[in-house]
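Enquirer: I'd like to ask some things about the structure below.
Values quoted throughout were computed directly from the atomic coordinates according to the rules given, and no laboratory measurement underlies them. Keep in mind it's a predicted model, so treat the numbers as computed, not measured. For neighbour counting, all protein chains shown are included, and Cβ atoms are generated from backbone atoms with ideal geometry for every residue, glycine included.
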Amino acid sequence: MKARTGLALALAAALLLAAGISVWRSATAPKSYTVTWWDVFDTVTVLTGYADSEAQWQAQADAVHE
């Protein structure tokens, strides 16, 4: 009986740890941003990338567009 209780506690602790890591990773992960241009090569161009902030993404997108 003690072995089952210990195993159940270890499993519960592992699940809580995995959930905590998942929440932490999603909170610190860069966000996805997309921009669409209609003037490049006379066609629609869509660029998707990741950045920590919208301002950082806009700077990167402007550099690519130039």
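Enquirer: Using the Kirkwood radius built from alpha carbon pairs, what does the Stokes-Einstein equation give as D for the chain at 10 °C and 1.306 mPa s, in µm² per second?
Expert: Answer from the Stokes-Einstein relation: 102 µm²/s.
Enquirer: Mind listing which trypsin sites (Lys or Arg not before Pro) in the chain are in a DSSP loop and have 15 or fewer other Cβ atoms within 10 Å?
Expert: none
Enquirer: Do the sum for the chain: with -39,500 (n - 2.57) for every DSSP H run of n ≥ 4, divided by all residues, what is the mean residue ellipticity at 222 nm, to the nearest 500 deg cm²/dmol?
Expert: -20500 deg cm²/dmol
Enquirer: With axes computed from alpha carbons, what is the tilt in degrees of helix 2-28 against the longest principal axis of the chain, rounded to the nearest 10 within 0 to 90?
Expert: Compared with the principal axis, the helix lies near 10 degrees.
Enquirer: Tally Lys/Arg at +1 and Asp/Glu at -1 over every other residue whose Cβ is under 14 Å from the Cβ of GLN60; what's the total?
Expert: -3
Enquirer: Please give the FRET efficiency for ALA59 paired with ASP39, using the beta carbon to beta carbon distance and R0 = 22 Å, rounded to the nearest 0.05.
Expert: Computed FRET efficiency for ALA59 and ASP39 comes out at 0.70.
Enquirer: Can you tell me the 0 to 90 degree angle between the C-alpha axis of helix 54-65 and the longest principal axis of the chain, rounded to 10?
Expert: Result, in degrees: 40.
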